[in-house]
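Structure first, commentary second.
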Amino acid sequence: MDYVIRPLTSQDEPILWEMLYHGLSDPAAPKLGSRDMLREPEISKYVAGWGRSGDHGFVAHEKRGGALIGAVWLRQSTDESGAVPELAFAVKQEHRRHGIGTALLTQLVRANPDQSMISISFVAGKPVLRLYERFGFKVIERQRGAVVMQRQS
């Protein structure tokens, strides 16, 4: 599959809502869950008001037709100086296991060489754990049903 990766802009908030939805959906479920989960403050913080200072990431689109494939982005959860930015990442289910996630994470890490710490949380049991480990993320906490990882460069 031919695809392009480009930097996210402040106009890409709708793309990120879509990708957040796909990232939170259970791949084992016969159909995607309700979008109502995106309204929860602990979820919406990853996208609401996209384009603030410090927001950056990348999106992948099919070359032909421009269909959305995946995205990766960093966002500081607070305005506090020294807050560790959180990584959000999703590839649509039908495009997984084709190297797109690796390409997106590679782009993000290369574009942020001075980012000394990055944090990520995700639902335990997702196969993405090994991908994050390849990029230097280490498990720092296991919570009920969730894993928290951190990367230090």
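The values are calculated or read from the model by the stated rules, or taken from the named source; none is laboratory data. In this text the structure is predicted, and so the values were computed from the model without any measurement. Note: ideal-geometry Cβ built from the backbone for every residue, glycine included; neighbour counts use all protein chains shown. Just the protein is used for accessible areas: all its heavy atoms, side chains included, with ligands, DNA and RNA removed. Shrake-Rupley method; radii C 1.70, N 1.55, O 1.52, S 1.80 Å.
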Scan the stretch 36-52 for residues that are out of contact with any Leu (no Cβ under 8 Å at 6 or more places or on another chain) and open to solvent by 50 Å² or more (accessible area, probe 1.4 Å) and jot them down.
ASP36, ARG39, GLU40, PRO41, GLU42, LYS45, ARG52
Filter the stretch 75-120 for residues that are among the acidic types (Asp, Glu) and open to solvent by 40 Å² or more (accessible area, probe 1.4 Å); the one that is modelled with the highest pLDDT is GLU94
Would you pick out the residues in the stretch 59-74 that are open to solvent by 10 Å² or more (accessible area, probe 1.4 Å) and touching a residue at least 24 places away in the same chain (Cβ under 8 Å)?
HIS61, GLU62, LYS63, ARG64, LEU68
